[in-house]
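The values are calculated or read from the model by the stated rules, or taken from the named source; none is laboratory data. Because the structure is predicted, anything quoted here is derived from the model rather than measured. Note: ideal-geometry Cβ built from the backbone for every residue, glycine included; neighbour counts use all protein chains shown.
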Amino acid sequence: QTAGRDFTIRELRERGFDAIVLAVGAHRSRDLSIPGVELDGVHKGIEFLLNANLGYRFTIGKQVLVIGGGNVAMDVARSAAREVLKQHRPDAPEPNPASVSAVATHEMVDISLSALRLGAREVSIVCLERRDEMPAAFEEVEQAEAEGIRLRDGLGPARVLGQNGKVVGLETVRTRSVFDASGRFNPTFEDHSESTIQCDTVILAIGQTPRLDFLTPEDCVEISGRGLIVVDRNSLMTTAPGVFAGGDCVFGPRLIIDSVGDGKRIAAAIDRYLTGRERPEPEVEVEILDHHRMLADFMNLDREAVPMLPLDRRTGMTEVEIGYNQISAMREARRCLRCWINTVFEGNETDGSQCILCGGCVDVCPEGCIQLVPLESIEFPPEVVAQIETSRSSFRVELDDVAAHELGIISGAAMLKDETRCIRCGLCAERCPVNVITMEAYSLRCVEAE
């Protein structure tokens with residue numbers, strides 16, 4: 001059955017459903033406003049992929065151009081993501097550029113490879129940015145080039161050329177710059193730089209948006225000006241009580257792990273909504289590890305390449321990435337950083353030992369993520385001092401009985417640790433002569449509601 005045709009959200013409520021989840025994704029391609037997009041042979045990227053993956057008959061030409069991807073799709077996606085965060089989570093950081101890049105580039109490359117495997121003789125990607133300006137997920141483009149995809153970089157589409165109602169080419173202009181002085185996406189083009197690329201098929205890959213035409217005014221689900229479902233930032237409930245939404249139809253195209261997280265939040269919110277009670281927070285269990293060690297050759301372990309089909313066997317919609325076998329999967333798993341294990345600098349409560357500033361942990365750290373610096377070299381703005389003053393218990397260990405108002409005045413030393421570089425090797429804990437550094441494993445234990 002299809003929502004909007006066979007049933008509506010309001011009808012589901014009337015039939016007795018207490019909670020409903022909308023997770024419809026973003027399965028509609030965005031439009032490109034240039035002359036000629038109405039010609040026979042111009043296709044929207046998502047619709048093309050949908051037909052190809054479902055095995056429907058789809059006529060494609062021999063010379064295919066894929067337009068978009070890269071920063072065009074990313075600019076659309078980031079703008080939508082920022083707008084959503086303002087509406088739903090004003091305290092949230094900027095959308096992750098790497099995640100948005102990965103989604104945008106994957107769409108562009110997936111379309112290009114699908115066209116090639118469906119019988120096109122030549123497939124080219126036309127994108128505004130030059131190779132050195134390509135998004136973070138450029139490795140996908142390199143894999144596409146290995147299959148024969150041609151990258152026509154530094155070109156902007158001006159108009160689709162037609163004859164007798166059918167596509168015969170694409171007129172492009174040379175890109176002068178993609179970003180302005182402030183780093184914002186604002187492309188400019190060279191004067192009198194028009195050129196024509198012959199083709200018989202053009203596929204637009206400039207981003208994705210949800211298809212929400214199944215929602216009716218009677219459903220009472222609000223849609224934002226950007227065509228996304230409006231939800232409460234904490235519960236992910238829409239403006240219709242008992243109707244929840246998450247994933248790309250709320251936040252725009254992101255990585256699947258983000259939507260998995262939304263699903264978890266929605267499940268908890270539905271439980272609260274139906275039962276009227278809060279589930280207890282999970283308890284944190286701590287285990288102090290004695291002589292923790294990573295694998296002996298951990299630093300020399302390379303990422304295990306995902307096995308792929310040979311080029312001559314990549315036809316149609318065949319899955320290209322074969323996946324790991326048991327042996328290679330176990331080799332890749334050996335690279336796990338064990339992020340639930342952390343280095344703790346809290347002193348030794350048993351004998352009252354404290355750090356003696358010997359610097360042994362700094363010397364032994366293979367990643368250089370620990371520093372000992374003069375306390376005077378650290379700036380403590382008034383707002384930071386005020387926060388420390390109002391939350392003394394939270395900074396008890398870090399400040400070691402130093403009063404907040406003394407920061408920036410007294411002299412001493414401070415230990416700084418870059419958690420993003422720590423590999424949990426445990427060498428600092430082994431090296432510490434007074435045992436004030438420990439390796440501790442954290443786990444969460446669910447607590448049943450009373």
Residue pairs qualifying under the 7 Å Cβ cut-off, at least six apart or on distinct chains, with the first in region 182-199 being closer than 15 Å to Leu128 by Cα and in the same structural domain as Lys62 (by TED's automatic domain parsing) and the second being in a loop (DSSP other than H, G, I, E, B) and at pLDDT below 95, are Asn186/Asp180; Pro187/Leu128
Answer yes if at least one residue in region 362-377 is exposed (fewer than 11 other Cβ atoms within 10 Å of the Cβ), over 30 Å from Met299 (Cα atoms) and at pLDDT 90 or above, and no otherwise.
-> yes
Odd one out for Gly242 among (1) modelled with pLDDT under 95; (2) surrounded by fewer than 23 Cβ atoms within 10 Å (Cβ to Cβ) | (1)
Does Gly247 count as crowded, with 22+ Cβ neighbours inside 10 Å and small (Gly, Ala, Ser)?
-> yes
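Within region 260-306, which residues are outside any loop (DSSP other than H, G, I, E, B) and aliphatic (A, V, I, L, M)?
Val260, Ile266, Ala267, Ala268, Ala269, Ile270, Leu274, Val284, Val286, Ile288, Leu289, Met299
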Subset of region 415-450 [surrounded by 16 or more Cβ atoms within 10 Å (Cβ to Cβ) and not assigned by TED's automatic domain parsing to the domain that holds Cys365] = none
Tally, over region 395-425, of residues that are over 20 Å from Gly359 (Cα atoms) and under 31 Å from the mean Cα position of the chain (by Cα) | 1
Please determine, by comparing only the residues of region 351-387 that are part of a strand (DSSP E or B) and in contact with an Asp or Glu (Cβ under 9 Å, 6 or more places away or on another chain), which one is nearest to Glu430 (Cα to Cα).
-> Ile370
In contact (Cβ under 8 Å) with a residue 12 or more places away in the chain and out of contact with any Pro (no Cβ under 6 Å at 6 or more places or on another chain), is that true of Val402?
-> no
Return the residue satisfying two criteria in turn: it lies in region 250-288 and is hydrophobic (A, V, I, L, M, F, W, C) and over 26 Å from the mean Cα position of the chain (by Cα), and of such residues it is surrounded by the fewest Cβ atoms within 10 Å (Cβ to Cβ).
-> Val284
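Would you check if there is a residue in region 134-149 being assigned to a strand (DSSP E or B) and over 26 Å from Asp248 (Cβ atoms)? Outline the logic, then answer.
Step one: of region 134-149, the residues assigned to a strand (DSSP E or B) are none.
There is no residue in region 134-149 that is assigned to a strand (DSSP E or B) and over 26 Å from Asp248 (Cβ atoms).
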Which one of the conditions (1) at pLDDT below 85; (2) within 30 Å of Gly227 (Cα to Cα) does Val160 fail to meet, given that it meets all the rest?
-> (1)
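Name the residues in region 307-333 that are in a loop (DSSP other than H, G, I, E, B) and exposed (fewer than 11 other Cβ atoms within 10 Å of the Cβ), would you?
Scanning region 307-333 gives Pro310, Gly316, Thr318, Glu319, Ile322, Gly323, Asn325.
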Run down Glu171, Glu194, Glu218 and say which single residue is at pLDDT 95 or above and either of a type in the set (Ser, Thr, Tyr) or over 24 Å from the mean Cα position of the chain (by Cα) (or both).
-> Glu171
Kindly provide the set of residues from region 1-49 that are at pLDDT below 90, loosely packed, with under 15 Cβ neighbours inside 10 Å and either among the basic types (Lys, Arg) or farther than 30 Å from Asp271 by Cα (or both), ordered by number.
-> Arg5, Asp31, Ser33
